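This report concerns only the one structure given below.
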Amino acid sequence: MARKSYKTALFLAWRYLFSKKEHNIINVISGISMIGIMVSTAALVVVLSVFNGMSDIIGGWFNALHADYEITLREGKSFATDSFPIQQLRQIPGVKTVNEIVCDLSLANYDDRQELLYLKGVPDNYFQTNHFEGMLVDGDTALYKLRQPCAIMGTGSAGKLEVNLLSYNLMKMYYPKRTKKNFANAAEAFNTRYIIPNGVICTNTNYDENYIFCPISFVRELMDYEGEVTSLEIQLKEGANTAKVRKQIADLAGEKYLLKDQQEQEDSLYKTMKSEKFMIYLILAFILILAAFNIIGALGMLILEKKTDTAVLFSMGASKSLIQKVFIYEGIMVSALGGLAGTLLGALICFLQQTFHIVKLGGGGAHYIIPYYPVQIRFTDLLVVLFTILVISLLTSIIPAYNLKKSDLYRNTAL
C-alpha cells in the first residue's frame, strides 16, 4: 500500500511538473528556480574541478622533491645512524633506496650578501635517484667539482645572493658550534666552511626560496653531525605495495620515530588546500541554497492553484500525507532536473577546458608556470554536489508542503 501511495504521488508530481498552469507566473518562477540551480551547480562543479587541478599540480611539484617516505625523530632534531637499523630498512622488499639526510638552518655569505637558508646535505647520487629531471635551469647538479663540494641552489636563494656561476667566488657558510661555545668572541662561536655554487634548480616550491643542496659530508663537517642524521628518506620500487611496505617500515622504526608519506611531509600545505576547498564549497552551496529558495514560492503558488485538485483527491480518500508528498516530489523534481543539467553543463565546461585550454591565465599574453586553468573532475565531488542538491531541494520542498498539511484547504474548497 505504501509503495502504491508512493507511485501515485510521483505520478501526480510528474504531471504537475509539465502540465500547463492557469497562472503563467508559476511556470516562470519554476523555470527561474531550475535555471538558478543549474547555473549554481555548474559553477560549483567547475570551481571544485579547477581547485582540484591546481591542487594536483602543486602537490605534484612537492611530491617530485619528497621521497616516498621520511623518517624523523618524534622528539629531538638528530639521531645517530648506528641507533637505527638502516641495513634492515634497506632489505625490506619494495624499498629501492634509503638516503641519509642532514638539514638545518645556516647563514650563507656571498660577496657580502647574507641570507639564512636551509642547508640540506644529501648523498652524492641524490639528484640521479630523485625526480629532478627538467628542474635544472643553470649549471649542473654535480655535488663535486675538482673534488670540492658544490652547492645546488633554488632560483629564489640564488637570486637573493645574486650568485654568478661563471665567477670564481666561493660561498661561505656559517653554523653555530654545537660542542664548543664562546659567546665572548663571536668569530669563534661559529663553524665556517666554503662551498662552490654549481647549479640552480627551479622547483616552483618554497625550496626555491629557502634551500641549498650540498654533499652530506660537507654539512656534517660544518654542523658537527658526524655519524648523525636529521632524517632518512626512503624511495620505493615501482609497483611496490605501499601499504604493506609502510607497515613494515613503521614496525621497524617503532614509536620513537615518526614515519611520513609525501602528503604528511607537507601536512600544513595539504590541510590548507583542503580547508580552502571546503570553504569554497560552503560559499557556493550557500548560493545554491539562495537559488533553491525560489522553489518555496513556486510550490506555494502551485498549491493554491491546485486547491480544487487537492480537495477532489481528499474527497476520494487520499490522505493528507499523500497530497503532501505530491508537492514535495514536485519540488525535488525541479531541483533534480536543474542539478543534473548543471552537473552535465559543469562537466562539459571542464572537458572543453581540459581538452582545448580555452581560459588562459593572464589572457594568454604573459608567461606563466601554468599557462591555463587546470581542471580535474573527481567523481566524489560530483556525488557531494548531487547530494547537496538533494538535501537542499528536500528542505525547500518540505516547508510549503508542511504548511499545506496544517491548512484547511481540504475542507474549505468548493468542488
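The values are calculated or read from the model by the stated rules, or taken from the named source; none is laboratory data. Since we're looking at a predicted model, the values are computed, not measured. Positions of Cβ are generated from backbone atoms using ideal geometry, with glycine treated the same way; all protein chains shown enter the neighbour counts. Accessible surface is based on the protein model in full, side chains and every heavy atom, while ligands, DNA and RNA are left aside. Shrake-Rupley method; radii C 1.70, N 1.55, O 1.52, S 1.80 Å.
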Exercise. Are there any pairs, at least 6 apart or on different chains, whose C-beta atoms fall under 6 Å, with the first in region 248-264 and over 18 Å from VAL229 (Cβ atoms) and free of Cβ contacts under 8 Å to residues at least 24 places away in the same chain and the second open to solvent by less than 30 Å² (accessible area, probe 1.4 Å) and part of a helix (DSSP H, G or I), and if so, which?
Worked result: none
Exercise. Of the conditions (1) in contact (Cβ under 8 Å) with a residue 40 or more places away in the chain; (2) assigned to a helix (DSSP H, G or I), GLY60 fails just one. Which one is it?
Worked result: (1)
Exercise. Of (1) at pLDDT 85 or above; (2) farther than 23 Å from ALA9 by Cβ; (3) surrounded by fewer than 17 Cβ atoms within 10 Å (Cβ to Cβ), GLY363 satisfies all except one. Which?
Worked result: (1)
Seminar exercise, completed: A careful count of residues in region 108-136 that are farther than 18 Å from GLY159 by Cα and among the hydroxyl-bearing types (Ser, Thr, Tyr) gives 2
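For (1) within 20 Å of THR203 (Cα to Cα); (2) in a loop (DSSP other than H, G, I, E, B); (3) among the basic types (Lys, Arg); (4) open to solvent by less than 30 Å² (accessible area, probe 1.4 Å), each residue gets a yes or a no:
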| position | (1), (2), (3), (4) |
| --- | --- |
| ILE71 | no, no, no, yes |
| GLY76 | no, yes, no, no |
| ILE101 | yes, no, no, yes |
| SER106 | no, no, no, yes |
| ASN109 | no, no, no, yes |
| LEU117 | yes, no, no, yes |
| PHE132 | yes, yes, no, yes |
| VAL137 | yes, no, no, no |
Exercise. Taking region 211-254 only, how many residues are open to solvent by 50 Å² or more (accessible area, probe 1.4 Å), in a helix (DSSP H, G or I) and either under 21 Å from LEU116 (Cα atoms) or of a type in the set (Val, Ile, Thr) (or both)?
Worked result: 3
For this session: Report those helices (runs of 4 or more DSSP H) wholly inside region 255-308 carrying at least 2 residues which are open to solvent by less than 30 Å² (accessible area, probe 1.4 Å).
Result: 267-292, 294-305
Exercise. Of GLY199, GLY159, which residue is assigned to a strand (DSSP E or B) and either within 30 Å of GLY60 (Cα to Cα) or over 33 Å from the mean Cα position of the chain (by Cα) (or both)?
Worked result: GLY199
Exercise. Across region 130-152, what is the total count of residues that are hydrophobic (A, V, I, L, M, F, W, C) and either at positive phi or in contact with a helix residue (DSSP H, G or I) (Cβ under 8 Å, 6 or more places away or on another chain) (or both)?
Worked result: 6
Problem set entry | Residue count, region 309-332 (criterion: within 16 Å of MET34 (Cβ to Cβ) and either surrounded by fewer than 15 Cβ atoms within 10 Å (Cβ to Cβ) or of a type in the set (D, E, K, R) (or both)) | 1
For this session: Kindly indicate whether ILE399 is open to solvent by 70 Å² or more (accessible area, probe 1.4 Å) and either part of a strand (DSSP E or B) or at pLDDT 65 or above (or both).
Result: yes
Exercise. From the list VAL45, VAL50, VAL39, VAL28, which residue is part of a helix (DSSP H, G or I), aliphatic (A, V, I, L, M) and surrounded by fewer than 18 Cβ atoms within 10 Å (Cβ to Cβ)?
Worked result: VAL28
